[in-house]
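Structure first, then comments.
The values are calculated or read from the model by the stated rules, or taken from the named source; none is laboratory data. These numbers were taken from a predicted model, which means no experiment stands behind them. No Cβ is skipped: glycine too gets one built from the backbone with ideal geometry, and neighbour counts run over all protein chains shown. Accessible surface areas use protein heavy atoms only, side chains included; no ligands, DNA or RNA. Shrake-Rupley method; radii C 1.70, N 1.55, O 1.52, S 1.80 Å.
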Amino acid sequence: MVSATVGRGAVLGAVALSLLAVPARATTTEPDARAAAVPRAALPAPDTAGLAAALRSAVDRGAPGALARIDDQGRTYEATWGVADLSTGRAISADDRFRVGSVTKTFSAVVLLQLADERRLALDAPVNRYLPKLLPDDRITVRQVLSHRSGLYDYTDDLFADSVSGFEAVRNKVFTYRQLVALSLKKPRTNEPGAAYSYSNTNFVVAGMLIEKLTGHSVRTEYEDRIFRPLQLRDTFYVHPETGIPGRYARGYLTPGKAGEPLVDATEQTVSWAQSAGAIISSARDLDTFYSALLGGKLLSSARLEEMERFTRVDTTTSYGLGLRRRDLSCGVSVYGHTGVVQGYSTYAFASKDGSRSLTAMADTSNDRKAADALSGALDAAFCGKAGKARRTAKG
Ligand code: HEL
């Protein structure tokens, strides 16, 4: 095992009254012989200095702390910068648990695609076949829901129009799935079924309803039985409607919409407004394990994984499959995973096409575009190596 200290971080968060010096670290674990023997597509070595720089930049731009972990065929790189808790000043650890937001969507999609593998669900069947009269249009299919092409309005646009008061109004609320769908259906649909991509949490609320209807179990049971336990994800939980995070975790700080206002500690909340669209708690190690297993073909048949990876172009660098994003990086490498934003936490979790390398990066703040964008530098560092840095520098 090689361990290297790459520098010392400093954070001055909006509510931090003093400058807190906290250590940042990068750790490398040598691969085991079995893992090293597995053939894989050539990727450049991760840029560990670039990884630490991305985290430092997220902290410089307002996040109290940031963590990242790369898993690469048994070799592990970890980096941290800043703090997990502004009141105690505890340095953030790469092992800290956190709320993953919409990374949850990939877990929900995996459960439904496993049900498709078991022939208990047809992706091109109308949602209303399984949930009679739930949706006002019988043409909306399961596949459209999982690819954000249903046209169902995203009710969270209204809930969080004002970031802090919107959050405080739902922080301790417990919604039923039907109440969330009803909030969406108060508004016109954004497009005809299948006609356009329009990201909406409503789709993955419907996904949760489908899971519960088809299995007769809670989404929690299905996540646990089908994913958490088989992959031994010991840091991963679905505790809805409990408000706490089990074990050791980074606290999450919501950045208010108005400049100059203090960060809001948003750690404790039901996340009932999201549930199967965004309420999972996990860690960098577990998310790396999850996406490596998924892309490596360990969770779905190759036919279902291929369907998950049929992508709709969203913008110049992003495409969306079934609960799965593709990001095309500056060095020409494409990575597969999801991003997540829930009050207090911003996450990137992606793996290479064959799952052999995975990266999770998290900043313990949200609603801060600059901090989240800085964090995306971790993707280049992880998958493009120093070539990514050279490109970033050349572009200025
Ligand atoms: S938004 C996204 C991200 N997704 C979607 C989902 C998730 N998260 C949410 O819907 C949270 C919305 C409110 C978050 C809040 C904040 O930043 O804490 N924002 C406001 O209050 C704004 N007024 C598409 C970015 C994804 O990457 O998939 O996660």
Of all strands (runs of 3 or more DSSP E) fully inside the range 279-396, the set with 3 or more residues that are away from the ligand (no atom under 12 Å from the Cβ) is 334-342, 357-363
List every residue pair whose Cβ atoms sit under 8 Å apart, with the two residues 6 or more apart in sequence or on different chains, where the first one lies in the range 253-267 and is within 14 Å of Leu86 (Cα to Cα) and within 13 Å of the ligand (Cβ to nearest atom) and the second, anywhere, is among the charged types (D, E, K, R) and assigned to a loop (DSSP other than H, G, I, E, B). Tyr253/Asp364; Thr255/Asp368; Asp265/Arg251; Ala266/Arg171; Thr267/Arg251
Does Ser87 satisfy being among the polar types (S, T, N, Q) and within 20 Å of Gly355 (Cα to Cα)? no
Given the criteria away from the ligand (no atom under 13 Å from the Cβ), outside any helix (DSSP H, G or I), of a type in the set (A, V, I, L, M, F, W, C) and closer than 25 Å to Leu55 by Cβ, does Leu233 qualify? yes
Single residue of the range 251-297 satisfying the filter (hydroxyl-bearing (Ser, Thr, Tyr) and within 26 Å of Leu183 (Cβ to Cβ)) that is most open to solvent (accessible area, probe 1.4 Å): Thr255
Filter the range 171-204 down to the residues that are aliphatic (A, V, I, L, M) and in contact with a Lys or Arg (Cβ under 9 Å, 6 or more places away or on another chain) and list them by number. Ala195, Ala196
Just to be sure I understand the filter: pairs with C-beta atoms under 6 Å, separated by 6 or more residues or on different chains, first member in the range 148-167 and within 17 Å of Arg369 (Cβ to Cβ), second member within 10 Å of the ligand (Cβ to nearest atom) and of a type in the set (Gly, Ala, Ser). Which pairs pass? Phe160/Gly166; Ser163/Gly257
Reported set for the range 83-98 where residues are part of a loop (DSSP other than H, G, I, E, B) and open to solvent by 30 Å² or more (accessible area, probe 1.4 Å) is Ser87, Thr88, Arg90, Asp95
Just to confirm my filter: which helices (runs of 4 or more DSSP H) fall fully inside the range 99-150 and include at least 3 residues that are open to solvent by less than 30 Å² (accessible area, probe 1.4 Å)? 104-117, 142-146
Of the conditions (1) under 19 Å from Val127 (Cα atoms); (2) away from the ligand (no atom under 16 Å from the Cβ); (3) open to solvent by less than 10 Å² (accessible area, probe 1.4 Å), Gly208 fails just one. Which one is it? (2)
Is it the case, given these coordinates, that Asp225 is assigned to a helix (DSSP H, G or I), at pLDDT 95 or above, open to solvent by 30 Å² or more (accessible area, probe 1.4 Å) and acidic (Asp, Glu)? yes
Within the range 164-195, can you find the residues that are surrounded by fewer than 17 Cβ atoms within 10 Å (Cβ to Cβ) and within 16 Å of the ligand (Cβ to nearest atom)? Ser165, Glu168, Ala169, Lys173, Lys187
When the range 69-82 is examined, which residues are found to be of a type in the set (Gly, Ala, Ser) and buried (at least 24 other Cβ atoms within 10 Å of the Cβ)? Ala79, Gly82
